[in-house]
Amino acid sequence: MSIMATSSYCAATNGVELFNHYGSNSRLIRFSSINTSSKLFLTRTSNFRRAKRCFYVKSTLSEPKQKVQDPITDLGAESDLSSFAPDAASIASSIKYHAEFTPLYSPERFELPKAFFATAQSVRDSLLINWNATYDTYEKKNMKQAYYLSMEFLQGRALLNAIGNLELTGAYAEALKKLGHNLENVASQEPDAALGNGGLGRLASCFLDSLATLNYPAWGYGLRYKYGLFKQRITKDGQEEIAEDWLEIGSPWEVVRNDVSYPIKFYGKVTTGSDGKRYWIGGEDIKAVAYDVPIPGYKTNTTINLRLWSTQVPSADFYLSAFNAGEHTKACEAEANAKKICYVLYPGDESDDGKILRLKQQYTLCSASLQDIIARFERRSCDRIKWEEFPEKVAVQMNDTHPTLCIPELMRIFIDLKGLNWNEAWNITKRTVAYTNHTVLPEALEKWSYELMQKLLPRHVEIIEAIDEELVQEIVSKFGSLDLEKLEEKLTTMRILENFDLPSSVADLFTKPEIPVDNNTETVEVHDKVKASGEVVTNDEDDTGKKTSAKTEAAAEKDIETKTIVRLEPAVIPPKKVRMANLCVVGGHAVNGVAEIHSEIVKEEVFRDFYELWPEKFQNKTNGVTPRRWIHFCNPALSSIITKWTGTEDWVLKTEKLAELQKFADNEVLQTEWREAKRSNKVKVASFLKEKTGYSVVPDAMFDIQVKRIHEYKRQLLNIFGIVYRYKKMKEMTAAERKSNFVPRVCIFGGKAFATYVQAKRIVKFITDVGATINHDPEIGDLLKVVFVPDYNVSVAELLIPASDLSQHISTAGMEASGTSNMKFAMNGCIQIGTLDGANVEIRQEVGEENFFLFGAQAHEIAGLRKERADGKFVPDERFEEVKEFVRSSAFGSYNYDELIGSLEGNEGFGRADYFLVGMDFPSYIECQEKVDEAYRDQKRWTKMSILNTAGSYKFSSDRTIHEYAKDIWNVEPVELP
């Protein structure tokens, strides 16, 4: 039985009893250093030799409980513990202990993979002690706690981040050196945790780091994906997807909690019992099992938890008789159906099975997490459970629409399992849940098939229908004074249920005379009269209400009555849908956007009618990133320079101190140091690119980087078209002209195209084809290189971002909610080229307009420009047409790019008409790139711009964002460990 299960937290025990089962050879050591909170560390002296050991087991179940001894007290007074320094020898002993006693590898050799696991396990010992202390404190204090639910947590590697937060980097480096290894080489053995894809997951991970660092009581909840999204390979055919293998030999960070599991139900039916209650019965039953990952804060003992759910079925569900009868697939069917829920992040949803699997994932996350949260609330309340106090102890944040089912699931638990009435449950739910919107793209505002959801989650559909009916009543009450046409429009837009008839209670307001329609093809006789003058008088009316007429080709001598048979096809009945975003707004007490411009779009466009109904719900929380991982640890050279020139390392926690760099921006000594740090990072990237792609690049060239998920709205196509234009112009010049007109550039791309997103995969293929041509052109040489980095992830970002000179954030204005990579680049002194979109707007304000390369249409112009295109009024720039023709000339190989280029042509039609305005912004983009070249030639000016980008990035720390969430949405307070 786990220690968590055996502790009674109404009379809480000391968390350190976890370690009593170690013998006298084990000892608890607290590490301390100057200005450092104490740390506990478990070590055991061990050598790599085989020894005979005897173990004696004695049952103590019937014996009286003895007083638990506190190992800390046994070691002496608090002041005595400070004498234990971060001792490399003790750490080395701990690593050797884990290599021998918790091995995943054979004992013969202590090679890098084994060294990584042993090192990580030794760090985990320290984290678990702090985790237990943190958890024990929360249980005793029973304060309000925030819970962050997200389908993604893009953690990256954990080792260097953990020992950095524990302030043990130097000690671990020395310990590993004693054992014959280098810390950096050991850390490189760690695979990135495949729990996310892009900005959504990376933001969630930054938030966890800030929550722990700032001592806020909070947990994260997600799913434990076995195969992640996919591992990307780049071949001659473009992107190829293979399964991630990050869990193939296990993760040293996670702790399985076999005693923490919850039942999850799918399908079945809903019946009414003799007591009048609704019961969800039958169907498919699985269980979700908890895996905990400790998340340490920086310079604090607080260590919070990321709880990931894995799905399985009890052994009893294994169909043994079928297996023995040779029906092996049938015997394992229940197990296979359960386990596949946590196989892949965002499984393809083109098929019904894919849609069902995605909905199962979302419900599993919501149900298991809420059951866990409620069990914790009940335990902490002891025998004094007051459900009306639930929102005073619990804050649930839904990261995008994926956890929307939290709302009906919380209602189901309250009503069906806890006995609350509808009004009580609805009031508690609305006060507990909040929603972060991350997109303005219609396809990303999830809508689920009503039929599919009713089949999979019948009880939740009943609850959603009731919520929708209550919403309709509130809309009518608020806007009933409008004319019926406007009221009907609001109901159509705001309802949770799409393409549904109105509830009978309000349907009478919109009663119209019925026109009988046959379900089959309808035949209508239309009588027109042809007059002798040659005019045809029809039954149509113009805007004035008069009969319309038209000349016939030949006038008749007399009026002729004609009869036309018009066959009307039966009306297409639109599918019924459940709008998840609308449900989030209705069921949550707060709705926030993630950048100032995005939050305005949310209020004025995406949820305009809801904002009119509930303006108090809407607010902005501009995203942020953790400065620990994204400067301090990933860019130690720059970090040291910042500390030197600001006079303190406090900037790691108080990023406003970065602004002090502004007064030194012109200092030649600082500029020289700044350039040297940047170049050293570029040398590392040049080596990395050679290893991963085979392409050689020179570190003295400008490193121009665009790394993000491949999507048409992010406009990697605009970037590569600009490169093609640059290349074409180079080819038209002499060598001397090329050198005079162009700054040497290495253009680096990275990012994954979703496996079923055909156009995005075409873009990847096109980028790699352009690179293959340019990189092998002897006339161009080092003047221009194009490199696509395969399998872009957090670890690659930690290498590329510190080496960047220019980064591209060039999405169509108004379509990027915020972005977070733009913040990471700015922190690392990278100058940006971009549109006024997402957080770009605020970054430009903070770093200074003169230190940001701006181009392109603005958000308020986009709708008009699309209409202009649809009306046939758009005239493409001749340089843009020149690039398209150059691509069609097979300059980059024989692949047919007609479909890709066709998306940029025409005035209307799905997948055409240049919806993302690549052609519209192309002239502005290439002219802005000429300004980039001009600025880069003046290295003193460029370095000053770089320094001012870092100095102005202080606002974009996730610490600031988390303080705002805690104060304005969650109402939680920091809790420091005693």
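The values are calculated or read from the model by the stated rules, or taken from the named source; none is laboratory data. Just so it is clear, the structure is predicted and the values come from calculations on it, not from any experiment. Cβ placement follows ideal geometry from the backbone for every residue including glycine, while neighbour counts extend to all protein chains displayed. In case anyone asks, the SASA skips ligands and DNA or RNA and just uses the protein heavy atoms, side chains included. Shrake-Rupley method; radii C 1.70, N 1.55, O 1.52, S 1.80 Å.
Between Glu908 and Glu976, the simple spin-label model (points 7 angstrom out along Cα→Cβ) gives 6.6 nm.
Considering only DSSP states other than H, G, I, E and B, which trypsin sites (Lys or Arg not before Pro) in the stretch 196-254 qualify as loop sites with at most 11 other Cβ atoms within 10 Å?
Working: sites: Arg202, Arg224, Lys226, Lys231, Arg233, Lys236; in loops: Arg224, Lys226, Lys236.
For trypsin sites (Lys or Arg not before Pro) across the stretch 196-254 that sit outside H, G, I, E and B with at most 11 neighbouring Cβ atoms in 10 Å, the list reads Lys236.
Just to confirm the filter: which trypsin sites (Lys or Arg not before Pro) across the stretch 238-328 are DSSP coil and have at most 12 other Cβ within 10 angstrom of their Cβ? Could you put the intermediate results ahead of the total?
On the way: sites: Arg257, Lys265, Lys269, Lys277, Arg278, Lys287, Lys299, Arg307; in loops: Lys277, Lys299.
For trypsin sites (Lys or Arg not before Pro) across the stretch 238-328 that sit outside H, G, I, E and B with at most 12 neighbouring Cβ atoms in 10 Å, the list reads Lys277.
Were the residues from Ala637 through Phe688 laid out at 0.36 nm apart, the gain over their Cα-Cα distance would be 16.6 nm. Could you sort out which of Lys430/Lys576; Lys236/Lys690; Lys657/Lys955 sit more than 21 Å apart by Cα distance in this structure? Correct reply: Lys430/Lys576. If you plug the beta carbon distance of Asp353 and Lys178 into 1/(1 + (r/R0)^6) with R0 = 41 Å, you get a FRET efficiency near 0.15. Computed from the C-beta positions of Gln939 and Phe500 and an R0 of 45 Å, the FRET efficiency is 0.10 to the nearest 0.05. Between Met143 and Arg278, the modelled label-to-label distance comes to 3.8 nm, taking each label 7 Å out from Cα in the direction of the beta carbon. For the stretch 264-344, the relative contact order works out to 20 percent when only alpha carbon pairs closer than 8 Å and six or more residues apart are counted.
Is the shape of the stretch 173-268 rounded, prolate or oblate, going by the alpha carbon gyration tensor and its root eigenvalues a ≥ b ≥ c, with a/c under 1.5 for rounded and a/b larger than b/c for prolate? Spell out each step's value before the answer.
Values: a/c = 1.65, a/b = 1.11, b/c = 1.48.
Oblate is the answer for the stretch 173-268, as a/c is 1.5 or above yet b/c matches or exceeds a/b.
Taking the mean number of other Cβ atoms within 10 Å as a proxy for protection, how do you rank 944-951, 772-779 from highest to lowest? The partial results should precede the final answer.
Numbers: 944-951: 23.8, 772-779: 13.9.
Order by mean packing, descending: 944-951, 772-779.
Counting only lysines at least 8 places from Lys277 when in the same chain, those with an alpha carbon closer than 19 Å to its own are Lys265, Lys269, Lys418.
Taking 18 Å as the cut-off, the amide N atoms of the stretch 738-773 that come nearer than this to a point 7 Å along the Cα-to-beta-carbon line of Lys236 belong to 765-773. Cross-linked pairs Lys739/Lys824; Lys765/Lys884; Lys729/Lys944: Cα-Cα separations exceed 25 Å for Lys739/Lys824; Lys729/Lys944.
On the beta carbon distance between Val698 and Lys644, with R0 = 22 Å, the FRET formula returns roughly 0.15. For the stretch 245-341, applying the loop criterion from DSSP together with a ceiling of 14 other beta carbons within 10 Å to the GluC sites (Glu not before Pro) yields Glu248, Glu327. Identify the residues of the stretch 335-370 with backbone N under 18 Å of a label point that sits 7 angstrom from the Cα of Glu470 along the Cα-to-Cβ direction, or state none. Of the residues in the stretch 335-370, none has backbone N under 18 Å from the label point off Glu470. Expressed as a whole percent, the accessible area of the chain that falls on carbon and sulfur atoms is 49 (1.4 Å probe). In the chain, taking the dipole from charged Cβ atoms about the Cα centre, the farthest positive-side position among Ser90, Met580, Gly250 is held by Ser90.
Against the criterion of solvent-accessible heavy-atom surface with a 1.4 angstrom probe, Asp968, Asp383 sort, most first, into Asp383, Asp968. Subtracting the Cα-Cα distance of Arg257 and Glu489 from their residue separation scaled by 0.36 nm leaves 78.5 nm. Projecting the Cα atoms of Ala204, Leu179, Leu306 onto the charge dipole of the chain (Cβ charges, centred on the Cα centre) puts Leu179 farthest toward the positive pole. Helices that extend 27 Å or more along their long axis by alpha-carbon positions and average at least 0.0 on the Kyte-Doolittle scale are, among the DSSP H runs of the chain, 458-479. Using the Cβ atoms and a cut-off under 13 Å, what net charge is assigned to the surroundings of Arg869, where Lys and Arg are +1 and Asp and Glu are -1? Net charge in that neighbourhood comes out at -3. Label separation (Lys330 vs Leu441): 4.4 nm, computed from points 7 Å beyond Cα along the C-beta direction. Placing +1 on each Lys and Arg Cβ and -1 on each Asp and Glu Cβ, with no other charges, gives the chain a dipole about its Cα centre of roughly 3980 debye. The charge dipole of the stretch 636-956, taken about its Cα centre with unit charges on the Cβ of Lys, Arg, Asp and Glu (plus for the first two, minus for the last two), comes to roughly 700 debye.
If you add up the charges near Glu392, with Lys and Arg at +1 and Asp and Glu at -1, over every other residue whose beta carbon is less than 15 angstrom from its beta carbon, what do you get?
Working: positive: Lys141, Lys144, Arg376, Arg380, Arg384, Lys386, Lys393, Lys430, Arg431; negative: Glu378, Glu388, Glu389, Glu424, Glu973.
Net of charged neighbours comes to +4.
Full extension of the segment from Asp285 to Glu668, taken as 0.36 nm per residue of separation minus the current Cα-Cα distance, would add 131.1 nm. What residue among Ala863, Ser903, Val887 has its Cα farthest toward the positive end of the dipole of the stretch 825-913, where the charges are +1 on Lys, Arg and -1 on Asp, Glu, each on the Cβ? Positive-end residue among those listed: Ser903. Only one of (i) 27.2, 85; (ii) 37.7, 124; (iii) 31.8, 121 was calculated from the structure for Rg and Dmax of the Cα atoms in Å, and its label is (iii).
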